[in-house]
Amino acid sequence: MKKKTNKNLKMPLIEALKKYGDKNSVRFHMPGHKGRERGRIASALRENLYNWDVTEIPGLDDLHQPRGPIKNAQKKLAKLYGADHSFFLLNGATSGVIAMMGAALRPGDEVLISQASHKSILSGLILTGARPVYIMPEVDEKLGVFTQVSPKNIAKAIEANPDVKAVLITNPVYQGFCPDIQGISRVIEDKNIVFLVDEAHGPHFGFSPLLPIGAGHFADAWVQSPHKVLASFTQSAWLHIKGERIDKNRLGYFLQLVTTTSPSYIMMASLDYTRALMEYKGRILTEKALQLAESARRRINKVTPFYCVGPEILGQNGIYDIDLSRLMVNVSQAGYTGYEIDEFLRQRFKIFAEYADFYNVYFLISFLNTKRDIRQLVKALASLRQRSPIGEFKPLLGRIPKKALEPREAFNYSSESILLQASQGRICGQALVLYPPGVPLVMPGEIIEKQHIEILTDLLNSGGACQGVTSGGSIIVLK
Ligand SMILES: Cc1ncc(COP(=O)(O)O)c(C=O)c1O
């Protein structure tokens, strides 16, 4: 038999990473460190990657019952974010969203959420057995996106559902749009309703007066993904709680349910490092990202055929504030789909956007981006010419789908696979999630309508992606 040499061993993932890790690529996607973090501690982390890759051994504490260095690191984190307690998360903000829902809700409890929430909230619904009360976010028809929920609509929903136990909002949504979080907190104060915030995209909020206000001023529990916009490793995140409404022990228990028993010290070290970095120069770093984004916004609006969204959008469609460190570039009014531009930038210029939808392309800018990155992006976009605007606005879901079963009931029901095109009137068995941004169009237990099939068909035909639809066009429905 022919002897295998190292050369013959195939490692498809390593090969793909080697190809991607090309030094000349320009990254406007997560993680926030952009592959570039070079500080003193980050360099030590890089050099000691294998050396420090340990898990709970004597002297290194216990994530699930911390008494030593993890406890001290989490205490410093809580102090920085004005929390009573903070927790390191090793399974993304996703695990924090599930755990805070688990701490606040019991099976059958009602929780008020936006119809356009991230799929981690769906996981929270299935695992807790809580019942969603949906509210429709507002829509920006020109940009073709959901925007935010308003305090007025939240107040109305609570009036109609007086037993609601918790309100869970997203601050900001992927586009950087923030709701009137103070207004929402006023609506629920004195009502014995727990206020939960998915702040996955806002760990930098509050570090500069130029950024939106953070959830820490109002929420009982809030979750952030420093890996998305700051410098920690992918998958690391943190969760904060404040006040008496969240049972800390139950929260800790829920975190154990959704977390490994072999936590990575590399990831926790990167969280500790990121916290220290933000404590030391959070304002300087966030304002650097804001300045880079502002120069990009100005140039894109001046020398390219595209529209980069800015503060002029405030006050419209429930948008109370905006994170200007991210760029939302509308390309549909210049005659392109977001998918087309995303592909063009990648193939022709090695510029990687965070994601695209039918109408827009999104770029995440962190303090580890450079002026050169911005110049390359503007130059690439400026190489395109104005065309006539693409087709009419295809409506996003205008109303909440009809519910036949709660998400957890649907999850436990027997199911089968059928073609999407033949699914009208069937009950959805596995969420149909527009990905990115990870927002379900139809949830398990909801009835699939003609308009869902049309939206998904248009999306897939124009280059978009949907989790829950196989490459053969099948989906899971209940029997
Ligand atoms: C709004 C929102 N919440 C939660 C999450 C989950 O974050 P993570 O990827 O850190 O688990 C995401 C991920 O993109 C998100 O966009």
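The values are calculated or read from the model by the stated rules, or taken from the named source; none is laboratory data. All of these numbers come straight from a predicted model, not from anything done at the bench. In this analysis, Cβ positions are derived from the backbone assuming ideal geometry, glycine residues included, and neighbour counts consider all displayed protein chains. When the accessible area is computed, the model is the full protein with side chains, heavy atoms only, and any ligands, DNA or RNA have been set aside. Shrake-Rupley method; radii C 1.70, N 1.55, O 1.52, S 1.80 Å.
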Rounded to whole Å, give me the distance from the Cα center of the stretch 52-72 to that of the stretch 414-479. 43
Estimated FRET transfer efficiency when R0 is 30 angstrom, pair residue 457-residue 372 (beta carbons, to 0.05): 0.15
Please tell me which of these pairs span more than 22 angstrom C-alpha to C-alpha: 119/288; 76/248; 34/302; 34/350; 79/242; 34/119? 119/288; 34/302; 34/119
Any chance you could run the full-extension gain for residue 84 through residue 38? It's 0.36 nm times the residue separation minus the Cα-Cα distance, nm to one decimal. 13.4 nm
Pairwise FRET efficiency - residue 387 versus residue 295, Cβ, R0 = 30 Å, nearest 0.05: 0.70
Nearest-0.05 FRET efficiency for residue 76 and residue 17 at R0 = 30 Å, using Cβ-Cβ distance, is 0.35
Give a residue-ordered list of calculated ³J(HN,Hα) values for the stretch 219-234 (Karplus: 6.51 cos²θ - 1.76 cosθ + 1.60, θ = phi - 60°; whole Hz; x for Gly, Pro). 7, 7, 8, 8, 10, 9, 10, x, 5, 6, 10, 9, 10, 7, 6, 3
Cα-centred dipole magnitude for the chain, charges only on beta-carbon of K, R (+1) and D, E (-1), debye, nearest 20: 2060
Rounded percent of accessible protein surface that carbon and sulfur make up, the chain, 1.4 Å probe: 53
Amide H contacts under 5 Å for residue 114, restricted to residues at least 5 apart in sequence or on another chain and with H modeled in the peptide plane, are 135
Dividing the alpha-carbon radius of gyration of the stretch 407-478 by 2.2 N^0.38 Å, where N counts its residues, gives 0.99
The stretch 211-226 scanned against label point 7 Å out from residue 186 along Cα→C-beta; backbone N under 20 Å for 212-220
Cα Rg, Dmax (largest Cα-Cα span) when computed across the chain, Å: 22.5, 76
Along the stretch 349-357, what does the Karplus equation 6.51 cos²θ - 1.76 cosθ + 1.60 (θ = phi - 60°) give for ³J(HN,Hα), rounded to whole Hz, x for Gly and Pro? 10, 6, 9, 9, 7, 6, 5, 9, 10
In nm, the gap between the two label points placed 7 Å beyond Cα toward Cβ at residue 138 and residue 314 is 1.4
On the full set of protein chains, 1.4 Å probe, figure out the accessible area of residue 458 and give it in Å² to the nearest 10. 60
Chymotrypsin sites (Phe, Trp or Tyr not before Pro) restricted to the stretch 10-83 and DSSP loop, no more than 10 other C-beta within 10 Å: 50
Residue-wise HN-Hα coupling along the stretch 292-307, computed from phi with Karplus coefficients 6.51, -1.76, 1.60 (Hz; x: Gly, Pro): 4, 5, 5, 5, 5, 4, 4, 5, 4, 6, 8, 10, 10, x, 9, 10
Give, as ranges by residue number, the residues of the stretch 360-383 whose backbone N falls under 16 Å from the point 7 Å along Cα→Cβ of residue 346. 360-364
What nm value, rounded to one decimal, do you get for the distance between residue 64 and residue 9 when each label is placed 7 Å out toward the C-beta? 3.3
As a test of the formula, what do you get for the chain when each DSSP H run with n ≥ 4 contributes -39,500 (n - 2.57) and the sum is divided by the residue count, at 222 nm and rounded to the nearest 500 deg cm²/dmol? -10500 deg cm²/dmol
Could you order 119, 371 by accessible surface area, starting with the largest, using a probe radius of 1.4 Å? 371, 119
For residue 412 and residue 424, compute 0.36 nm times the residue count separating them, minus their Cα-Cα distance, and round to one decimal in nm. 2.2 nm
Of 222-228, 121-127, 333-339, 135-141, ordering from highest average Cβ density within 10 Å down gives 222-228, 121-127, 333-339, 135-141
Find the accessible area per residue for the chain; the probe is 1.4 Å, ligands and nucleic acids are left out, and the unit is Å². 47
Whenever you get a sec, line up 324, 210 from highest to lowest accessible area (probe 1.4 Å, protein heavy atoms). 210, 324
Once both label points are put 7 Å beyond Cα along the C-beta direction, the residue 471-residue 234 separation in nm becomes 2.0
If the label point is 7 Å along Cα→Cβ of residue 29, which residues in the stretch 223-258 have backbone nitrogen under 19 Å from it? 225-236
Listed by chain and number, the residues whose amide H is under 5 Å from that of residue 108, excluding neighbours fewer than 5 places away on the same chain and using placed H, are 130, 131
